[in-house]
Amino acid sequence: MKSDSTIGRNASVSLPRIPAWMPAVLRLAALYNLLYAIALSLWPSQIFDWLGMPVTPDAMIRCIGMMVGVYALGYWIAAQDMLRYWPLVVVGLVGKTLGPLGFLHGGLTGVFEWRSGLFVLCSDLVWWVPFWGMTLFALKYRDR
């Protein structure tokens, strides 16, 4: 899939071909986040209980669900033109890095049970390699 966006770029320079896996991964991440946001909004206490996470007010969990839903929107937008919207991928990568760091701290201090790491694995760690790949690709080609 070739991006046809030339805004802010020299129209005579051909843009690189975006590998097909990049928009596919972003759409998959968007769908995952959307489904997780819905689950957090509809069953806030049940999700945290299942993950073995500390008792948290439902309003706080629903707020997390709202933020996860916003990430879904960002990923869907980035999938349309990854070179144009690459900062949205970087925002996701930052979140997917800070989340595990916070979990590690919480696990080491006894705030989180280690079994709740399943959440971190599915929501953050599995996305590191593709999000780093997309970020590095975008940094290499973004100004062409």
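Which number in (1) out of contact with any Ser or Thr (no Cβ under 8 Å at 6 or more places or on another chain); (2) farther than 30 Å from ALA20 by Cα; (3) loosely packed, with under 15 Cβ neighbours inside 10 Å marks the one condition that VAL70 misses?
It is condition (2) that VAL70 fails.
Pairs, please: C-beta under 6 Å, at least 6 apart or cross-chain, first residue over 16 Å from SER123 (Cβ atoms) and free of Cβ contacts under 8 Å to residues at least 60 places away in the same chain and in region 72-84, second in a loop (DSSP other than H, G, I, E, B) and not polar (S, T, N, Q)?
Qualifying pairs under 6 Å: ILE77/TYR85; ALA78/TYR85.
For the subset of region 25-56 comprising residues that are at pLDDT 90 or above and over 20 Å from GLY95 (Cβ atoms), which member is surrounded by the most Cβ atoms within 10 Å (Cβ to Cβ)?
If we take residues in region 25-56 being at pLDDT 90 or above and over 20 Å from GLY95 (Cβ atoms), then TRP43 is surrounded by the most Cβ atoms within 10 Å (Cβ to Cβ).
Can you tell me which residues in region 118-143 are touching a Pro at 6+ places or on another chain (Cβ under 7 Å) and in contact (Cβ under 8 Å) with a residue 60 or more places away in the chain? Walk me through how you get there before you give the answer.
Step one: of region 118-143, the residues touching a Pro at 6+ places or on another chain (Cβ under 7 Å) are 120, 124-125, 141.
Residue satisfying the conditions is TYR141 alone.
If I ask for residues that are under 13 Å from the mean Cα position of the chain (by Cα) and polar (S, T, N, Q), which ones from region 98-144 would you list?
Result: SER123, THR135.
The values are calculated or read from the model by the stated rules, or taken from the named source; none is laboratory data. Please read all numbers here as calculations on a predicted model, not as lab measurements. Positions of Cβ are generated from backbone atoms using ideal geometry, with glycine treated the same way; all protein chains shown enter the neighbour counts.
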